[in-house]
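Read through the structure below, which is laid out as structure tokens, and then see the notes.
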Amino acid sequence: MIFSMDRNEKRSAGHFFPLPNEVFHLGLTAEEIATYAYLLYCENRKTFQCFPSYSTIGNAIG
């Protein structure tokens with residue numbers, strides 16, 4: 001199936017990141033999943049690195 005997107009939809013499509021399904025089968029707490037998701041959000045997609053501080057992570061996920 002082929003979907004077409006208008007110009008605005010293409011712009012917003014870059015505001016998503018993949019979260020592997022396996023994360024939900026590891027027995028992690030909600031806080032651990034939120035931390036992992038935030039690290040993926042911060043990740044540089046070219047180098048696969050991210051360096052947020054503990055306080056930045058804490059502020060972001062509460």
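Summary of computed values
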{"read-out": "Rg ratio (alpha-carbon, reference 2.2 N^0.38 Å) - the stretch 18-62", "value": "1.18"}
{"read-out": "Projected label distance in nm at C42 and A60, using a 7 Å step from Cα toward the beta-carbon", "value": "0.5 nm"}
{"read-out": "Chain lengthening between Q49 and I33 when straightened (0.36 nm per residue, less Cα-Cα)", "value": "4.0 nm"}
{"read-out": "Nonlocal amide H pairs with L28, under 5 Å, H built at 1.01 Å", "value": "none"}
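Since every read-out is calculated from the coordinates, none of them should be taken as a lab result. The structure displayed is predicted, hence computed values, not measured ones. Don't worry about glycine lacking a Cβ; one is built from the backbone with ideal geometry, like all the others, and counts go over all protein chains shown.
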